[in-house]
Amino acid sequence: MEVRQEEEMHNVAEHMDRMHTQLAAEEAEARRLEQDEALRYKKNQQGLAAAHVTALRQQQVIQKVLALSLCKQMLANLEDEVADELFDEGVLYDPVERQTTDVFMPHLMERVAEGLERTRTVHTVLDGLLGDALAIMQQQRDQVLADERDERNRVVQREMDKRTTIQLYISSPYVGPQPVGPLAMRGDATIRELRARVLQWIQQQNNNKQKQDEQQQQLPAIKTIAFSMQEQSNQPLDDQKQLYELGLEQLGTLLMDVEVANDHDDDDDDDDDDDDDEYLTKIQKLRQNNNNNFDLQQSR
């Protein structure tokens, strides 16, 4: 029993020792935790104080910067206003600007005005010259157009004169005291064609007289025929001369100078008549082609 009590007492004592030891350890841990908490609190307080001090310093710096900026802005505006007012009143001025404004620019404007005046004068003279030149060119152009128009009219008139039928009377002692005719000839007919027509007419007259009365006197054979105009001093007309070139219109009279052939000249006269007839045929064909071409051009 005693032994059991002793063991129980011993166990209780050990338990108490362990309890005391554990309590001591817990107290030590609690003190350490309290110390750590105090240390952290202290650090936090120091950090808060430092942050507060920093914030105050930053706020002071910002206020100083704002104040400095505001002062600079106010002083800058004030300086500009004062400077502008002084410049306006003429107290302060830029010597280069004053020299440029008072001396250089008036001289430059005067030179520019003189140059513009000279340029205006030159333009006026050039405009006059160009106007005169254009007027002359227009006159020349109008003259050229008028000449071309007149030339076209002359060509058309000449073609019309060529195609105009002229009633010709032939005056000659060979055919009698009165002019004979009229012979219808185109304006572009030549004197050679006229001579051929006259020879044909004379041959026809002789044939008619021969048929009517063999005893009736026929016209003598002709060796040569020459035509002339009283307006041209009775000068013989060239064989290639065309009737419209003589100034004949729809009615005209030509003088005929006839040289009568002898008997031994009859063969030569017959050859000449054949040549004239062949020439007349060729001329008529050529004139017909020219008329067709002229009509085609007129239609175009």
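The sole residue among Arg4, Arg40 that is part of a helix (DSSP H, G or I), more than 60 Å from the chain's Cα centre (by Cα) and surrounded by 10 or more Cβ atoms within 10 Å (Cβ to Cβ) is Arg40.
The condition of being loosely packed, with under 11 Cβ neighbours inside 10 Å, over 55 Å from the mean Cα position of the chain (by Cα), at pLDDT 55 or above and not aromatic (Phe, Trp, Tyr) holds for only one of Asp239, Asp213, Asp271, that being Asp213. Checked against (1) crowded, with 18+ Cβ neighbours inside 10 Å; (2) in a strand (DSSP E or B); (3) within 58 Å of the chain's Cα centre (by Cα), Lys162 passes all but condition (2).
Criterion applied to Gln45, Gln73 was being open to solvent by 100 Å² or more (accessible area, probe 1.4 Å), part of a helix (DSSP H, G or I) and not hydrophobic (A, V, I, L, M, F, W, C), and the one residue passing it is Gln73.
Here Leu168 does not qualify as without any contact (Cβ under 8 Å) to a residue 24 or more places away in the chain and in a strand (DSSP E or B). Being in contact with a Leu (Cβ under 6 Å, 6 or more places away or on another chain), among the hydrophobic types (A, V, I, L, M, F, W, C) and assigned to a helix (DSSP H, G or I) is a property that holds for Leu86.
Taken together, the residues in the range 176-208 that are closer than 14 Å to Phe227 by Cα, open to solvent by less than 30 Å² (accessible area, probe 1.4 Å) and not in a strand (DSSP E or B) amount to 6.
The values are calculated or read from the model by the stated rules, or taken from the named source; none is laboratory data. Just so it is clear, the model here is predicted, and its values are computed rather than measured. So basically every Cβ, Gly included, is an ideal-geometry build from the backbone, and we count neighbours across all protein chains shown. Please note that ligands, DNA and RNA were not included when accessible areas were found on the heavy atoms of the full protein model with its side chains. Shrake-Rupley method; radii C 1.70, N 1.55, O 1.52, S 1.80 Å.
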